[in-house]
Amino acid sequence: MVSKSSRAPRKAGTDLPTPEKSRGFEDVAGAPHYLGHRERLRERFLNGGAETMPDYELLELALFAAIPRRDVKPLAKALIAKFGTFAEVLAAPRDRLTEFEGVGDSVATHLKVIHTAALRLSRAKILKKPVLSSWTALLDYCTATMARSGTEEFRVLFLDRKNALIKDEVQGRGTVDHTPVYPREIVKRALDLESSSIILVHNHPSGDPTPSKADIDMTREIIVAAKALRISVHDHLVVGRGGVFSFRAMGLL
């Protein structure tokens, strides 16, 4: 990673190298060497090699459209080295992505669009489907949506009488270790949506999904408020990079 203070100035919104920098990428025939590499990588992907591709090569493929005239392998490897995985790169905050030389506004936007598309695809797998028959997909969605966030977030999944997901809403965002939660507001929203049961979900930016005493106490308050109006709390999931903790599975619900 190259710090912003050590870079040469560049025009706002520019992600491509200058012509002088680009000359170093040309082979003896005058054609950039990376063009053949791009075609070979695309061919491997299209011929069923996606599952065996390392993360940096998938990231290269994602960067091709955003950076059409540059060898992106060094950048892809640098991003993976910094953030760890392809998914972590996509989920990284824009300001951290743009710390890298070669990642300007357009490249960062391109990566965030891919991330948003992945989240919508994940949500589509569970929307209006019984949660019990799509539980793994639900856990995958919660992990993809919340596990990598740098701040704590509290969501409520509202279910109908057949336990199908009808709405997924963020009820509050907070600091790295606290989010204000209001049981009455959660129950009121459930009534507005004619939801008969809910699943509570929040994340731990620390990575450890083990619930705190405050998490347990808050869950009990919501259960009491919901029960009074015949709304059941199906589960409370705590999401972290280390996995997902289920209150019901651990006997806390």
So, first residue under 24 Å from P211 (Cα atoms) in the stretch 179-193, second residue among the charged types (D, E, K, R), Cβ within less than 6 Å, six or more apart or across chains; the pairs are T179/E152; P183/E221
Working only within the stretch 210-219, note down all residues that are in a helix (DSSP H, G or I) and loosely packed, with under 15 Cβ neighbours inside 10 Å.
-> K213, A214, I216, D217
A87 vs. criteria closer than 21 Å to A117 by Cα, loosely packed, with under 14 Cβ neighbours inside 10 Å, of a type outside the set (V, I, T) and modelled with pLDDT under 95 | no
When only residues in the stretch 16-44 that are exposed (fewer than 15 other Cβ atoms within 10 Å of the Cβ) and modelled with pLDDT of 85 or more count, which is nearest to E88 (Cα to Cα)?
-> R42
Might you check whether a residue that is of a type in the set (A, V, I, L, M, F, W, C), modelled with pLDDT under 90 and not assigned by TED's automatic domain parsing to the domain that holds G150 occurs anywhere in the stretch 51-68?
-> yes
What helices (runs of 4 or more DSSP H) completely inside the stretch 54-160 contain at least 1 residues that are closer than 18 Å to H202 by Cα?
-> 86-91, 105-124, 135-146
Do you know which residues across the stretch 128-153 are surrounded by 16 or more Cβ atoms within 10 Å (Cβ to Cβ) and within 18 Å of H236 (Cβ to Cβ)?
-> V131, L138, L139, Y141, C142, T143, T145, M146, A147, S149, E152, E153
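The values are calculated or read from the model by the stated rules, or taken from the named source; none is laboratory data. Keep in mind it's a predicted model, so treat the numbers as computed, not measured. Glycine also receives a Cβ, built like all others from the backbone with ideal geometry; neighbour counts cover every protein chain displayed.
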